[in-house]
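Input: a single structure, listed below in structure tokens.
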Amino acid sequence: MARGGPKAALEHKVNSYNAVEVVDPRSHAGYKGLEEGEAAQLTPTDPREFERDLWQSLQCWRKEGRKGVWLRIGIGASDLIPVAVQAGFVFHHAEDSYVMLSAWLAAEHENKLPPGPSHFIGVAGFVVNSKNEVLCIREKSGPSARLKDFWKLPGGLVDQQEDLRDAVVREVLEETGLRTRFKQMASIQEIHHVGQRAGPAREGTTDLYCICVLEAEDETQTLVPQEEEIAACQWVPVDTLLNSRYYSREGTVFATMFRAAAKVASGNASGLESEHLQFGLAPGSNTVYAADFGSIKSRKSKL
């Protein structure tokens with residue numbers, strides 16, 4: 001900070017990209033390691049006090065050469081949002097309990113702050129039994145509920161902080177009652193939503209829809225459709241599904257994805273396996289999806 005200049009009045013930290021992260025304890029108890037009791041007085045509760053401290057802090061950060069500012073405001077402190085907007089902040093993303101705002105301070109340079117979250121990830125389970133039948137569902141509501149004799153794969157959205165492989169197993173269990181194990185990811189569809197046709201929840205976002213091959217723990221178990229969402233679930237012969245009027249047209253999205261999944265399930269093609277691996281460059285571990293982990297490990301051992 002410049003000598004003799006003002007000190008930032010707002011509690012904050014500077015990250016590795018030379019951007020400021022403002023601590024708003026009312027938006028998230030314990031944020032950045034603060035204890036709940038310590039956090040209680042760090043941010044002014046009065047908008048006028050917050051406005052004073054925010055402008056003073058912005059002046060300080062500009063003199064220090066900081067690139068940008070992240071400001072997280074909880075729903076209980078929403079009266080501070082107009083103050084931040086007047087100071088030049090814009091909305092970045094929002095969750096149930098807070099809104100994240102950002103401001104770019106280096107006016108002479110292009111704004112390099114990353115954009116807000118832009119993708120939804122959906123998963124579907126392709127479960128084939130020993131009779132070469134695939135597990136399918138009919139929904140009670142939604143676009144497909146109006147289609148005659150329409151069967152689809154069980155699945156849904158991946159939850160926050162949930163692995164893909166866990167999400168698809170969970171969705172199949174919730175919608176059909178069948179317990180399964182993840183085997184491989186067979187295909188991925190990328191859908192860009194432009195304009196308002198996608199609805200308010202998805203406008204301007206992208207969907208990744210992943211079909212995963214699963215294995216039933218006990219294929220004889222009784223199927224139990226989820227009462228609120230699923231009208232029926234049953235085993236459908238793979239050929240019947242692939243040759244239905246909805247999935248038989250060559251070169252279309254679902255005809256291609258379903259056939260790719262059927263080849264992976266039958267062992268005639270390889271999909272992406274999953275393993276939970278140590279990150280290596282820092283503490284922690286993550287799930288990795290790759291083709292033929294066995295081959296990768298054998299090459300490493302030869303090296």
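Backbone geometry of region 140-149 corresponds, through the Karplus equation with coefficients 6.51, -1.76 and 1.60 at θ = phi - 60°, to 3J(HN,Hα) couplings of 7, 9, x, x, 6, 5, 8, 8, 6, 6 Hz, x marking Gly and Pro.
Provide ASP96, ASP79, ASP166 in ascending order of the number of other Cβ atoms located within 10 Å of each residue's Cβ, fewest first.
On the way: ASP96 5, ASP79 12, ASP166 15.
The order, fewest Cβ neighbours first, is ASP96, ASP79, ASP166.
Comparing mean-square fluctuations of MET185, MET257, MET100 from a GNM of the chain with C-alpha springs under 10 Å, the top value falls on MET100. Against the main long axis of the alpha-carbon atoms of the chain, helix 293-302 sits at an angle near 70°.
Placing a label point 7 Å from the Cα of ILE75 along the Cα-to-Cβ direction, the residues of region 175-205 whose backbone N falls under 18 Å from that point are 201.
Which order do GLU250, GLU133 fall in if you start with the one that has the fewest other Cβ atoms within 10 Å? Intermediate results must be reported in sequence, preceding the final value.
On the way: GLU250 7, GLU133 18.
Exposure proxy ranking, most exposed first: GLU250, GLU133.
When all alpha carbon pairs of region 59-129 are counted in 10 Å bins from zero, the resulting P(r) reads 17, 39, 24, 9, 7, 4, 1 %. In the elastic network of the chain, a GNM with C-alpha springs shorter than 10 Å, the most mobile of HIS193, HIS276, HIS119 is HIS276. Note on the chain: GNM, Cα springs under 10 Å; of VAL264, VAL168, VAL99, the largest mean-square fluctuation is that of VAL99. Note on LEU281 and PHE120: their simple-model spin labels are 3.1 nm apart, each label 7 Å out from Cα toward Cβ. For the chain, the longest principal axis of the Cα atoms and the long axis of helix 253-266 meet at an angle of about 70 degrees. On the beta carbon distance between THR220 and GLU190, with R0 = 35 Å, the FRET formula returns roughly 0.45. Going by neighbour counts of Cβ atoms within 10 Å, the residues THR256, THR176, THR222 line up, fewest first, as THR222, THR256, THR176.
Read-outs throughout are calculated quantities, based only on the coordinates presented, and are distinct from any laboratory measurement. Not measured: the values here are computed from a predicted model. Every residue, glycine among them, receives a Cβ derived from its backbone with ideal geometry; neighbour counts consider all protein chains shown.
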